[in-house]
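Novice: Could you have a look at this structure, given as structure tokens, before my questions?
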Amino acid sequence: MIKYILWDIDGTLLDFSLAEEKALRASFKEFDLPWPGQKFLEDYRKINKEFWEKLERKELEKIQVLEGRFYKAFDLYKLDTSSIPAFNKSYQKHLGSVAAFSPYGLEVVLDLKKTYKQFAATNGTITAQKGKLKKSGLDQILDGIFISDQIGYEKPDPRFFQSVLDHVGDSIPEEYIIIGDSLTSDMKLGKNCGIKTIFYNPKNLKIDKDLVDFEISDLRQVKSLIEKINKNN
Ligand SMILES: [Mg+2]
């Protein structure tokens, strides 16, 4: 019986790509750097993904990801890399100041609140995640917030989920479900911890189904899906 919903934040409840572009542009402006254009954004996103996946595999430390992605992207575009540590801090601050919901994100969370306890389960930084959860109002709506930076472990490390269990005080994995847009962090965490997974796939990308229990393309599908799971248990 599902009682608890763990929500990934970036790319799931909140629209990350919009916030990411706005925050990057704001930091470029703050550091008097010319905006290198759309191609830079595409290249940066590829590099960023690659670095976060290294973190999930424990090949890098968090700070090496946060700053390293900028070193690599800036090098590629021959931009001055001397202010990257400060640039990253500025970017985190700007990321925390923008929050836009994914389609139906807010109404779905409000509706589910009547029946389930819901938590944020996110791998971001404290500055960015706390900022955007507050800005979006999710800090008031959700029943708790778990940020990897605070816990000390990133999804998909099972110790991330252990700290959720310790906090909630209910340690039956079958009562939890995780909803997210990442196979390597969200879905893998589910597999690692024996909790059910819902993959949010709004663009209907081709995926490795082995990692996923359920797949949705619209957040409004969550309610009936969990009701169906609970009926069968
Ligand atoms: Mg995500």
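The values are calculated or read from the model by the stated rules, or taken from the named source; none is laboratory data. Quick caveat, the model's predicted, so the values are computed rather than measured. Neighbour counts run over all protein chains shown; Cβ positions are idealised from the backbone, glycine included.
Novice: Residues being out of contact with any Leu (no Cβ under 7 Å at 6 or more places or on another chain) and assigned to a helix (DSSP H, G or I): count how many of those fall in the range 165-192.
Specialist: Of the residues in that region, 13 qualify.
Novice: If you don't mind, another one. Take Asp186 and tell me if it is crowded, with 17+ Cβ neighbours inside 10 Å, more than 22 Å from Ile147 (Cβ to Cβ) and in contact with a Lys or Arg (Cβ under 8 Å, 6 or more places away or on another chain).
Specialist: Working: crowded, with 17+ Cβ neighbours inside 10 Å: yes; more than 22 Å from Ile147 (Cβ to Cβ): no; in contact with a Lys or Arg (Cβ under 8 Å, 6 or more places away or on another chain): yes.
Taking the combined requirement at face value, the residue does not satisfy it.
Novice: Does Lys49 meet the test of being surrounded by fewer than 19 Cβ atoms within 10 Å (Cβ to Cβ) and in a helix (DSSP H, G or I)? Step through it out loud before you land on a result.
Specialist: Values: surrounded by fewer than 19 Cβ atoms within 10 Å (Cβ to Cβ): yes; in a helix (DSSP H, G or I): yes.
Judged against the criteria, Lys49 is a match.
Novice: Could you tell me whether the range 201-210 includes any residue that is over 28 Å from Tyr91 (Cα atoms), outside any helix (DSSP H, G or I), under 19 Å from the mean Cα position of the chain (by Cα) and free of Cβ contacts under 8 Å to residues at least 12 places away in the same chain?
Specialist: Filtering the range 201-210 down to residues over 28 Å from Tyr91 (Cα atoms) leaves 204-210.
From the residues that got through so far, the ones that are outside any helix (DSSP H, G or I) too are 204-208.
If we keep only those that are under 19 Å from the mean Cα position of the chain (by Cα) as well, we get 204-205, 207.
Then drop every residue that is not free of Cβ contacts under 8 Å to residues at least 12 places away in the same chain, which leaves 205.
Yes, some residue in the range 201-210 is over 28 Å from Tyr91 (Cα atoms), outside any helix (DSSP H, G or I), under 19 Å from the mean Cα position of the chain (by Cα) and free of Cβ contacts under 8 Å to residues at least 12 places away in the same chain.
Novice: Working only within the range 162-183, note down all residues that are within 11 Å of the ligand (Cβ to nearest atom) and surrounded by fewer than 24 Cβ atoms within 10 Å (Cβ to Cβ).
Specialist: Asp181, Ser182, Leu183
Novice: How many residues, within the range 7-32, are hydrophobic (A, V, I, L, M, F, W, C), within 12 Å of the ligand (Cβ to nearest atom) and modelled with pLDDT of 95 or more?
Specialist: So the answer is 4.
Novice: Among the residues of the range 119-140, are any over 17 Å from the mean Cα position of the chain (by Cα) and buried (at least 16 other Cβ atoms within 10 Å of the Cβ)? Reasoning before the result, please.
Specialist: Initially, the range 119-140 is screened for residues over 17 Å from the mean Cα position of the chain (by Cα), giving 140.
Pick out the ones that are also buried (at least 16 other Cβ atoms within 10 Å of the Cβ) and you get none.
The answer is no, given that none of the residues of the range 119-140 is over 17 Å from the mean Cα position of the chain (by Cα) and buried (at least 16 other Cβ atoms within 10 Å of the Cβ).
Novice: Related question: Can you find a residue in the range 94-114 that is aliphatic (A, V, I, L, M), assigned to a helix (DSSP H, G or I), more than 28 Å from Gln221 (Cβ to Cβ) and modelled with pLDDT of 95 or more?
Specialist: No, there is no match, as no residue in the range 94-114 is aliphatic (A, V, I, L, M), assigned to a helix (DSSP H, G or I), more than 28 Å from Gln221 (Cβ to Cβ) and modelled with pLDDT of 95 or more.
Novice: I've got another one for you. Residue pairs, Cβ under 8 Å, 6 or more apart or interchain, first in the range 7-26 and in contact (Cβ under 8 Å) with a residue 12 or more places away in the chain and on the phi > 0 side of the Ramachandran plot, second within 12 Å of the ligand (Cβ to nearest atom) and in a helix (DSSP H, G or I). List them.
Specialist: The qualifying pairs are Gly11/Ser17.
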